[in-house]
Amino acid sequence: MADRVIRGYWDCEHCGTKGIDGLVDICPSCGSGKGKNVRYYMKSVEEVSDQELEAAGISKEENDGKHVEWICAYCGSLNNYRDTVCVHCGADREEKEQDYGGDTAQTMYRKEKDGTLHAAAVQKPVREETYVTTEDVKEPAKPSSGGMMRWLLPLVAILGILAFLLWPHTTAEAISGFLWQRTVTVEELQTFSESGWSAPANARVTSARNELYGYRDVLDHYRTVYVDRTRQVIDHYDTSYEYTDNGNGTFSEHEVRTPVYRTETYTEPVQEPVYRKEPIYQTKYYYDIDRWVAVRQYETKGSDHDPYWSREYTLKDNQRDISREEVYYTIYDGTDQVRTDYATWKDQALGDGVYVTSCRLGIEYARTVRE
C-alpha cells in the first residue's frame, strides 16, 4: 500500500469549471456529475486525510488502482467503486459499460527534486475492430509516363554513346618491318662460405661447434606487488516520488529510492612471476656451398628477319649459358608493333596483310590474316 493518498482534481465538461476536488462527484457550478470522459490530475502534492476518504466512502486500502470507479452503461456517469447502482439513473452496476480508464490512458506523475511534477500517460491496451469496405480499397497508382521518361531518355543516350564507341570496324594493314632481340645470360659456379644451425644437403661442412642459440624465460620466483584498482560502491540513495491514478479521485504516492554510486580506489596485493633468462646452446655448422651466379649478359637485336644468338664469349669450365630470352615484334604499316611468338613470326613476310577489327576506343577485337 502507498505511504500517502494525494488529492486529485477534475474539470467539468459541461460548464468548463476547472480544478474540482476529485472526491466531489457534482460540479459546484452547474450541478453536473462526472461523465465517462473525466480524467483526474494533480495540481500539487496535497495529502487527503482519512476523515475525508471516509466521508467520500473510500477506505484507505482501496487506493491501490484496482478499486476504480465504474461507468454506467445507460447514462455514462461515473460512480464510486462501492455503488451497486448508478446514483444518476439507477441502472444496475452489473450492466456497467466499463471501468474508469478502461479504454484510454491513465496518468502517472513523478515529482523531481525541485518539487516539479511531470505527468506521463500510462496507456491501457485497447482492442479495436476494423471493417474494410469497397470504398476503402483503392487501386494502386500507376506510374506516370512523364516519370518514366525522366530516367529512360538519359539511359537511351548513354547506351547510344557506348554503342558508338564500342561498335567494331575493320581496317586493312600490311607488314612493313620486323624487330627481334635475343639475350644470353652467362652463369658461373661460385663457392660461398656460410654458416647455420643446419647444413644443406649439397654443402661441404668445414667445422661445427656448440654456440649460443638464444635465451628462454624460466620461472625463478614470485614477488608481491600492489596494484591500484577501482570499484563502484553505493554512496547514498536519492529519494523521489511517483504518483499513480487510483481511478477514484485520488492518487497514490510511491517512494522510489535510486542508488547513487561513487568510484572507490583500493590497493590489492598481486603475486607477480619473475623470470630469469636461461641460455640455449646448439650445434652451429660452418660450410662451403656452390651456387650458380649470373656474371654477364650478351645481347643481339635487329630489324631484319634473321635472328641469331651471340657468340662473342668463351665459356670457362665453371660457366654455362643455359639462360636465354627472346622477343619478336611485327610492324604493321610502320606504326603498330605487335609482339608474337617465334613460330608465327618466322612464317611472316614483308607485305603480308591482315584485317584488324577494333573500336573507336582503340580496343582490338581480332586480327585476321588477309588472303
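Tabulated values for the structure
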quantity	calculated
Cubic angstrom per residue, convex hull over Cα atoms of the range 1-127	125 Å³
Of the chymotrypsin sites (Phe, Trp or Tyr not before Pro) in the range 166-220, those whose Cβ has at most 16 other Cβ within 10 Å and which sit in DSSP loop	197
Residue-count net charge about residue 289 - beta-carbon cut-off 14 Å; Lys, Arg +1, Asp, Glu -1	-1
Percent RCO, i.e. relative contact order, over the range 1-127, from Cα pairs under 8 Å lying at least 6 residues apart	18 percent
³J(HN,Hα), Karplus 6.51/-1.76/1.60, whole Hz, each residue of the range 213-227, x for Gly, Pro	8, x, 10, 10, 7, 10, 5, 9, 6, 10, 10, 8, 10, 10, 10
Chymotrypsin sites (Phe, Trp or Tyr not before Pro) restricted to the range 280-313 and DSSP loop, no more than 11 other C-beta within 10 Å	308
Projected label distance in nm at residue 308 and residue 116, using a 7 Å step from Cα toward the beta-carbon	10.4 nm
Coil-residue GluC sites (Glu not before Pro) of the range 11-89, DSSP, other Cβ within 10 Å capped at 16	13, 46
Nearest-20 debye value, the range 54-115 charge dipole, Cβ charges on Lys, Arg, Asp, Glu	260 debye
Calculated FRET value between residue 258 and residue 84, using beta carbons and R₀ = 30 Å, to 0.05	0.10
Calculated log₁₀ intensity ratio I(q)/I(0) where the Debye formula runs over C-alpha points of the range 248-371, q = 0.21 Å⁻¹	-1.32
When the chain is reduced to its Cα atoms, the Kirkwood hydrodynamic radius in Å	34.9 Å
For the range 208-270: span of alpha carbons on each principal axis (Å, largest first)	103, 25, 12
The range 276-371 - charge dipole about Cα centre, Lys and Arg +1 at Cβ, Asp and Glu -1, debye rounded to 20	740 debye
Leading residue at positive end of dipole, the chain (Cβ point charges), from 78, 154, 205	205
For the range 188-296: rounded, prolate or oblate by the Cα gyration tensor [a/c cutoff 1.5]	prolate
Helix-only [θ]222 nm of the chain, DSSP H runs n ≥ 4, -39500 (n - 2.57) each, per residue, nearest 500	-2500 deg cm²/dmol
Dipole magnitude of the chain about its Cα centre (Cβ charges: Lys, Arg +1; Asp, Glu -1), debye to nearest 20	1540 debye
Using alpha-carbon coordinates, inclination of helix 145-166 to the longest axis of the chain, degrees	10 degrees
Net charge contributed by nearby residues that have their C-beta within less than 11 Å of residue 48 (K/R +1, D/E -1)	-4
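Read the figures in this text as sums done on the coordinates, not as results from a lab. Owing to the predicted nature of the structure, the values given are computational and were not obtained by experimental measurement. So basically every Cβ, Gly included, is an ideal-geometry build from the backbone, and we count neighbours across all protein chains shown.
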